[in-house]
Amino acid sequence: MIRSLDAVPGTVDRPLEGKKILLGVSGGIAAYKTPELVRRMRDLGADIRVVMTANAHHFVTPTSLQAVSGQPVRTDLWDHAAEAAMGHIELARWADVLLIAPASADLLARLALGRADDLLTTLRLATRAPVLIAPAMNHVMWLHPATQRNVATLVGDGNTVIPPDSGAQACGETGPGRLPAAETLAAAVLATLQPPRQMLAGRRVLVTAGPTREAIDPVRYVSNHSSGKQGYALARAARRAGANVTLVSGPVTLPEPAGITTIKVTSALDMQRAVQAHATDCDVFIGVAAVADYRPATPADQKIKKLPGRSGELVLTLTENPDIIAGVAALRPRPFVVGFAAETQSALANARDKRLRKGMDLIVVNDVARGDIGFNAAENDVTLIWDAGERHLPKSGKDAISDQIIEQIAALLASESRSTS
Ligand code: PMT
């Protein structure tokens, strides 16, 4: 969540004092706003270095950015004089945060591919600092599935994507794609640089993520569209909040998150075994995985052949999988149990019922019928339901949603320990 700078306690004058911000500017019309962004962040106390892509020069000059930042502007990976002064690896190490604003559609694609074909993309790969990306472009380009796919990849890789504003665009049309105000971008930088609140320090959190795969034969399986993004984002959020995190992951293509013990599994039975091995040792269990409710009763040892003369149907008998989360909720003593519900109709009513039926302390429901959130999306829009309340978290990136879910879990744990002490 991006807070207004005025709303951040103790940040009245120069909340970014001493913070080293590397600003990457790419070639989009919104680049003309970056001198104002640099000025705003310098007013707040930041030390800024600017790197421009080749196309950014069409929209803003290095001279103006140099004037407002008070530092030479880097544009070329192969500039010997600049490399001698501060090499690109040094620059990558120097930064407390890399803010890329505006990020054009082309730059998003290059970043998503992990390319290092100019100074800015190279710095992105070479830095250990958090990376904030503020896309800005024509609204049709922004909504194109290819751009949305690249954004999802970047979020999955751990970058924070600041969604563009909606409104009148330079092309004369209206829609999402405008670079957010300098104030909003500076607030996002500040939120990233503030030490995370260690709300779950000392707690052990077990998270399941991704789909399960249920074998039909050695080459075929039954599964679902879960990408693991939501579960991985929650595991990272719990880690940021100071927890010791174990992640049990179904088959996904996401990188293993740093600082988290990740156990890879395939089927629901594998996932159940891994969860049972760790559930008695955890304080919080979060079941984000889309576990298959059924599996083929007798998977074939060999690939099932399409036999000549066989009728046009092959009947597959399914048998019920164990309910992993209900098993955790039945443990005594038991951890605080958080489940998810992906619903396509009567989402809230079904989720309320599911929470009670499975013995969960908290359920997070996403209405996946709407198509733009939930399974394999970069964003989610969820409602949290617990004994004494319900809270809607409006559509936002899965990292931001996860931070808010973790805050709610920490608040409920704190009130639980108050009422039992
Ligand atoms: O992975 P992403 O692409 O980011 O998508 C995220 C998500 C949509 C998968 C996630 O947000 C989500 O909603 N996960 C739960 C999906 C689901 O399968 O819901 P369910 O109603 O079938 O299950 C309810 C709860 O019971 C879940 O916590 C599930 O982990 C658990 N369960 C279900 C079946 C089973 N056999 N064992 C279980 O533990």
query: If one computes the Cα centroid of segment 200-246 and of segment 33-48, what distance in Å separates the two points?
result: 39 Å
statement: With label points set 7 Å from each Cα along the Cα-to-Cβ direction at residue 32 and residue 225, the distance between them in nm comes to 4.0 nm
field: For segment 80-138: relative contact order, % (alpha-carbon pairs under 8 angstrom, 6 or more apart)
entry: 50 percent
statement: Magnitude of the Cβ-charge dipole (Lys and Arg +1, Asp and Glu -1) of segment 246-347 about the Cα centre, nearest 20 debye, reported as 400 debye
- prompt: Taking only the alpha carbons of segment 94-199, what extent do you get along each of the three principal axes, in Å, biggest first?
  reply: 42, 31, 25
- line: Most exposed first, judged by fewest Cβ atoms within 10 angstrom, 166, 402 run 166, 402
- request: Please work out how much length the chain gains when fully extended from residue 170 to residue 276, using 0.36 nm per residue of separation minus the C-alpha to C-alpha distance, in nm with one decimal.
  value: 32.6 nm
Relative contact order, percent, the chain [alpha-carbon distance under 8 Å, six or more residues apart]: 11 percent
- request: Grab the DSSP H runs of the chain that are 4 residues or longer, score each as -39,500 (n - 2.57), total them, divide by all residues and round the 222 nm result to the nearest 500 deg cm²/dmol.
  value: -10000 deg cm²/dmol
- prompt: Using the eigenvalues of the Cα gyration tensor, what equivalent ellipsoid semi-axes result for the chain when each is taken as the square root of five times the eigenvalue, whole Å, largest first?
  reply: 42, 26, 20
query: Given the C-alpha centroids of segment 252-270 and segment 127-158, what is the distance between them in whole angstrom?
result: 24 Å
Inter-part distance where segment 57-103 and segment 311-360 are each reduced to a Cα centre, Å: 52 Å
- request: For segment 175-245, restrict the atom set to alpha-carbon positions and state the Rg and Dmax in Å.
  value: 18.8, 56
- line: The relative contact order of segment 234-316, taking Cα pairs under 8 Å that sit 6 or more residues apart, comes to a percentage of 20 percent
message: Need one number: nm distance between label points at residue 313 and residue 85, each 7 Å from Cα along Cα→Cβ, rounded to one decimal.
response: 7.7 nm
- request: Within 10 Å, count the other beta carbons around each residue, average over each peptide in 211-223, 358-370, 25-37, and list them highest first.
  value: 25-37, 358-370, 211-223
query: Kirkwood Rh, segment 20-193, all Cα pairs: how many Å?
result: 15.9 Å
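Throughout, read-outs are computed from the coordinates displayed, never taken from laboratory work. Predicted model, so just to flag it, every value in this text is computed and none were measured. When we count neighbours, we look across all protein chains shown, and the Cβ atoms used for this are built from the backbone with ideal geometry, even at glycine.
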